[in-house]
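**Q** The structure is given below, and queries will be raised subsequently.
The values are calculated or read from the model by the stated rules, or taken from the named source; none is laboratory data. Bear in mind the structure is a predicted one, so any value in this text is a computation, not a measurement. Because the Cβ atoms are built from the backbone with ideal geometry, glycine has one as well, and the counts that use them run over all protein chains shown. Areas reflect the complete protein model, heavy atoms only, side chains present, ligands, DNA and RNA absent. Shrake-Rupley method; radii C 1.70, N 1.55, O 1.52, S 1.80 Å.
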Amino acid sequence: MSGPVYPGVPGQSPYPMPGHSVAPYPHHPGYGDPNQAPPPVGFNMGYSQGPPPVMYQPGPAVVPEYGGPPGGIAPAPGAPAVPVGVPPGLEYLTQIDQILIHQKVELLEAFIGFETNNQYEIKNSLGQKIYKAKEKNDCCTRNCCGSLRSFDMKIKDNMDREVIRLIRPFRCVSCWCPCCLQEMEVQAPPGVTVGYVKQDWHPFLPKFSIQGPNKETVLRLEGPCFACNCCGDVNFELKGKDGDHAIGRISKQWSGLLKEVFTDTDNFGIQFPMDLDVKMKAVLMGACFLIDFMFFEKVGEANQRSTVFS
């Protein structure tokens, strides 16, 4: 009686023989390749590295129906979906201590000098976009009032939900008019005021108060005498209410000679304590945009402002 016959090539064993290579196991997506280089980081801000940021922006958990396509990431069992006291859409800010803000290049503005609405991308320290911001006003206001223009700025998350609204009224630009200095209101969510950014009078230094919803001073910002980034960064130090020691900063970063001369696209970095109230982190974002308009916004052939006098 003959033995069982196995399928395959006649005369060849169906099992791998010694000396023959075996095909490797297939690579499953979701596991990192140890030979692959890490993702590029964002701007080198010179700050101490903290814990790695979360790789996704938190949002409302989506539970898929039975038999349906997979949905979002569900929260861990027993964990609250939204932290207490955190405005919706700002949950991600509780887990980071650095923010990068990159102004997008507007071709119409770069070639013919016609002022358009500023647009920004807000990223984490790995360069991943977490929010986007866009200025909203009319053409006449932008091109007639220049960097002093009033505007509403909407900040949206990756799901296109408006999570922060910045409101800047028209104010004076010179320190010789202390009764009408710059300020900005920060709402999160829109319609709920969480704080203000108010310029403090000083004869030659740019100073700002970071205030709460009742206009009580919580933090202070202090910039250099000349806010001019000639081949270097410009740092606005973030200090406590008493103003004694620095706990963070807002940095206008050098973008290169061509970009600095021919465009007004700016790069900023914001550092703040990890445990800072998330509402004050949102107000600091508003302070960064106000500083950009006050000192680094060029309109047409007008030069950038560099001091509180100009």
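**Q** Can you give me the number of residues within the stretch 203-247 that are among the hydroxyl-bearing types (Ser, Thr, Tyr) and either open to solvent by less than 10 Å² (accessible area, probe 1.4 Å) or within 23 Å of the chain's Cα centre (by Cα) (or both)?
**A** Number of matching residues: 1.
**Q** Hey, any hits in the stretch 170-181 for a residue that's open to solvent by less than 40 Å² (accessible area, probe 1.4 Å), small (Gly, Ala, Ser) and at pLDDT below 85?
**A** Scanning the stretch 170-181 turns up at least one residue that is open to solvent by less than 40 Å² (accessible area, probe 1.4 Å), small (Gly, Ala, Ser) and at pLDDT below 85.
**Q** Take the stretch 143-163 and flag every residue that is outside any strand (DSSP E or B) and out of contact with any Ser or Thr (no Cβ under 9 Å at 6 or more places or on another chain). Break it down stepwise before answering.
**A** The first filter runs over the stretch 143-163 and keeps only residues outside any strand (DSSP E or B), leaving 143-150, 158-161.
Across the stretch 143-163, the qualifying residues are ASN143, CYS144, CYS145, GLY146, SER147, LEU148, ASN158, MET159, ASP160, ARG161.
**Q** Now a separate question. Give me the pairs, please: first residue somewhere in the stretch 200-224 and closer than 11 Å to GLU237 by Cβ and without any contact (Cβ under 8 Å) to a residue 24 or more places away in the chain, second residue anywhere and aromatic (Phe, Trp, Tyr) and surrounded by 17 or more Cβ atoms within 10 Å (Cβ to Cβ), beta-carbon distance under 9 Å, and either six or more positions apart or on two chains.
**A** ARG220/PHE208; GLU222/PHE208; GLU222/PHE236; PRO224/PHE236
**Q** Let me ask you something else. Hey, can you tell me all the residues within the stretch 248-273 that are surrounded by fewer than 19 Cβ atoms within 10 Å (Cβ to Cβ) and modelled with pLDDT of 95 or more?
**A** Listed by number, the list holds a single entry, PRO273.
**Q** Within the stretch 191-214, track down each residue that is among the aromatic types (Phe, Trp, Tyr) and farther than 13 Å from LEU284 by Cβ.
**A** TRP201, PHE204
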